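For reference, the structure is listed below as structure tokens.
The values are calculated or read from the model by the stated rules, or taken from the named source; none is laboratory data. These numbers come from a predicted model, not from an experiment. Cβ: placed from backbone, ideal geometry, glycine included. Neighbour counts: every protein chain shown. SASA here: full protein model, heavy atoms, side chains in, ligands and nucleic acids out. Shrake-Rupley method; radii C 1.70, N 1.55, O 1.52, S 1.80 Å.
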Amino acid sequence: MSTFTAVRRRLRGTFYGWWLVTGAIGIQILQSGLMLQAFGIYVPIWREEFGWSKTALATVFSLQRLESGLLGPLQGWLLRHFGARTIMQVGLVVFGLGLLALSQVESLVTFTLAYLILAAGATLGGFLSLMTVIVNWFERKRSIALALMQVGGSIGGLLIPLLAWSLITHGWRTTAAISGLIVLLAGLPLSLLMRNRPEDYGQLPDGRQKPSGRATDAAEPLDSSQDFSTGQALRTPAFWLLSLGHALAVTLVSAVTVHLVIHLDEALTFSLQRSAFVIAFLTSITLVGQLLGGFLGDRLDKRIIASMAMLGHAGGILVLAWAGSLVTVLLFAALHGLAWGVRGPLMGALRADYFGRTSFATIMGFSGIIIMTGSMSGPILAGYLADHFGSYRPAFTLLAALAGLGAIIFLLVRRPKLRP
């Protein structure tokens, strides 16, 4: 038997859930490297060309988060009724076309419209859709599978220096247009890997085998009698505490995403390429944290891990507020990146553990409405305070306090009991 044949047979025996994770990593790379992490690196160039204020740019970013939050419940319903692959393909087409439209904007109004279009596509084709699929395919290994998916976001962040080079060499319009084409040419093939549930293909989550004596070719669903409906989940304290803690986390994360490069430019006179290096370092640490969070999340109490991560966020942003050199900026990046990485995979895993798989997408969608308040308010609050005080220090200090509050909230979460 040839080596090629042996490898092919071995791959055929691989649990298909890991192929889903591979596709999810690729899509996360595109979204992070071309939109989420990329926004902050575009900001100084847009400000120089158009003269837009920090608050105006932060508001556009926050409108995108509002849009994502409002889409959440609808997206959850669409995923349940039409399947992840169809919704993701529609989303990725809109995402790619939105980037092409972004390359042609001439005013704040057209910029806002283009960014909202591409963001809507990225939402439908991205995180919630991918998370829903992976939650369906994994249970015992759920944290590590979600962590690996989010590693794609970190890899996308590592591409930011390349994006900065393209912005400097070819200009932001050409870079945005090429980014749109990349999404269409790479994202759509990756979406073909998506499948809704393992039971539809005669498999079980984690690649487990059916008990002996039972049919192995029937696509039987697992017992879902202990899964919460959306209404039942909304009536539990756990839903609201998890959503609030998550919202406080993304308040800080979104503010840093939008304002980090501006802060490094104004307070420490960092060049665009040096700032891109900081982002790449931050995301490399985040990648390590994601793998660590996935490993620990399948073995330890996820609430406690999330609480400790929030303290890491608080410490990191305080270091950034008072940073005066590259060394202290890198210390911030290490603390913030590790906290972000460790906490990230646990947000979806906790909800899936507590509420089950059946209504996961819709429950996450409703949770997204609360989370969006944090992702919207963080950039606007930081931008307003920076414009008012002439420094990001007051804003970053306030964000650190909010992260500390989030640490307490995660400790208060308790697993809900399903009541008839």
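Criterion applied to Ser68, Ser2 was being farther than 30 Å from Arg274 by Cα, of a type in the set (S, T, N, Q), at pLDDT below 90 and under 19 Å from the mean Cα position of the chain (by Cα), and the one residue passing it is Ser68.
From the list Ser284, Ser367, exactly one residue is open to solvent by 10 Å² or more (accessible area, probe 1.4 Å), within 22 Å of Ser143 (Cβ to Cβ) and polar (S, T, N, Q). Which is it? When all the criteria are applied, what remains is Ser284. Set side by side, the residues Gly324, Gly294 differ, and just one is more than 30 Å from Leu63 (Cβ to Cβ), modelled with pLDDT under 90, buried (at least 21 other Cβ atoms within 10 Å of the Cβ) and of a type outside the set (Phe, Trp, Tyr), which is Gly294. Taking the criterion of being under 12 Å from Leu181 (Cα atoms) and either free of Cβ contacts under 8 Å to residues at least 40 places away in the same chain or open to solvent by less than 60 Å² (accessible area, probe 1.4 Å) (or both), the residues of the stretch 95-104 that qualify are Phe95, Gly96, Gly98, Leu99, Leu100, Ala101, Ser103.
Which condition does Gly17 not pass, out of (1) touching a Pro at 6+ places or on another chain (Cβ under 8 Å); (2) open to solvent by 20 Å² or more (accessible area, probe 1.4 Å), if it passes all the others? Just one mismatch for Gly17, condition (2). Considering only residues that are farther than 30 Å from Trp52 by Cβ, in contact (Cβ under 8 Å) with a residue 24 or more places away in the chain and either of a type in the set (Val, Ile, Thr) or out of contact with any Gly (no Cβ under 8 Å at 6 or more places or on another chain) (or both), which ones fall in the stretch 255-306? Ile285, Val288, Gly294, Phe295, Leu296, Gly297, Asp298, Lys302, Arg303, Ile304, Ile305, listed by residue number. Of all the criteria given as (1) in contact (Cβ under 8 Å) with a residue 24 or more places away in the chain; (2) open to solvent by 30 Å² or more (accessible area, probe 1.4 Å), the one not satisfied by Met347 is (2).
Here's the yes/no breakdown for (1) closer than 26 Å to Gly294 by Cβ; (2) outside any helix (DSSP H, G or I):
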{"position": "Gly324", "(1), (2)": "no, yes"}
{"position": "Leu331", "(1), (2)": "yes, no"}
{"position": "Leu338", "(1), (2)": "yes, no"}
{"position": "Gly348", "(1), (2)": "yes, no"}
{"position": "Gly365", "(1), (2)": "yes, no"}
{"position": "Ala382", "(1), (2)": "no, no"}
{"position": "Leu385", "(1), (2)": "no, no"}
{"position": "Phe396", "(1), (2)": "no, no"}
{"position": "Gly406", "(1), (2)": "yes, no"}
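Taking Ile160, is it open to solvent by less than 10 Å² (accessible area, probe 1.4 Å) and β-branched (Val, Ile, Thr)? It is true that Ile160 is open to solvent by less than 10 Å² (accessible area, probe 1.4 Å) and β-branched (Val, Ile, Thr). Counted as qualifying within the stretch 105-198 are the helices (runs of 4 or more DSSP H) with 1 or more residues that are free of Cβ contacts under 8 Å to residues at least 60 places away in the same chain, in contact with a Phe, Trp or Tyr (Cβ under 7 Å, 6 or more places away or on another chain) and among the small types (Gly, Ala, Ser), namely 108-124. Residue check: is Leu300 assigned to a loop (DSSP other than H, G, I, E, B) and aliphatic (A, V, I, L, M)? It is true that Leu300 is assigned to a loop (DSSP other than H, G, I, E, B) and aliphatic (A, V, I, L, M).
Taken together, the criteria place Arg357 among residues that are outside any helix (DSSP H, G or I) and either without any contact (Cβ under 8 Å) to a residue 12 or more places away in the chain or not β-branched (Val, Ile, Thr) (or both). Among the residues of the stretch 129-157, those identified as crowded, with 21+ Cβ neighbours inside 10 Å, within 12 Å of Gln28 (Cβ to Cβ) and of a type in the set (A, V, I, L, M) are Leu130, Met131, Ile134, Leu146, Ala147, Leu148, Met149, Val151.
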